[in-house]
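Throughout, read-outs are computed from the coordinates displayed, never taken from laboratory work. A quick note: this is a predicted structure, and the numbers were derived from the prediction, not measured. We place every Cβ from the backbone using ideal geometry, glycine too, and count neighbours over all the protein chains shown.
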Amino acid sequence: ADEIILKNIDRITNEVKESTAIIQGLQDLATMDKPKKARKDIAVVIEDSLKTTNIPEEVKVVMDIQKDEFFVDADVKQMSIMYKNLINNAVHAMDNGGNIWIRAERTENNGIEVSIRDSGHGIKDEDLKNIFTPFFGTKITGFGFGLSICKMIMEKHEGKIDVKSEVGKGTTFVVQFPSNGLYTIGEVT
């Protein structure tokens, strides 16, 4: 094929990928069922999400969560959607190069906080108040479903999601699981 045909094929391929992402976002938003919860290790859920997320070689992921330390009653499919969205946002915020730090810790009230921090360009203060609103986005591509889906997932799990950001230094999303339904190693469900 000549150069013009190849350019058009690339353009069509990119448009199909973008359309597929939009449709998937709408499906996730429209069909978000009540979570089908099972006892899961947060470290394993995040590792599995990382394996199925396209992370460029220029992005270094540092995960500071030990296996068999943090367990939560959660819907694995929904958690995977949420973590993939947060990781993809971090990758895009760094223009496909930089660091992502993922860690978990127990809160004062025995809940669990998982933070995903990037070394990207950060989010402006005026945009932070709308960041979880459907159709709001700061990227050129996409339609602003990802973070609203993340918020919906955490609400359905009786948890919260919050964001902290500093322009020029990066963004941190904090996912908070309540103490009910949480387990430490050795506890019986």
Legend entry - Set of the stretch 58-79 residues, backbone N closer than 14 Å to the point 7 Å along the Cα-Cβ line of residue 33: 75-79
Inset, instruction - List, in order, the whole-Hz ³J(HN,Hα) value for each residue of the stretch 70-79 obtained from phi through the Karplus relation with A = 6.51, B = -1.76, C = 1.60 and θ = phi - 60°; use x for Gly and Pro. - result: 10, 10, 8, 7, 8, 8, 4, 4, 5, 4
Legend entry - Where labels lie 7 Å past Cα in the beta-carbon direction, separation of residue 7 and residue 95 in nm: 2.4
Legend entry - Label point 7 Å beyond Cα of residue 57 along Cβ direction - residues of the stretch 96-110 with amide nitrogen under 16 Å: 96-98
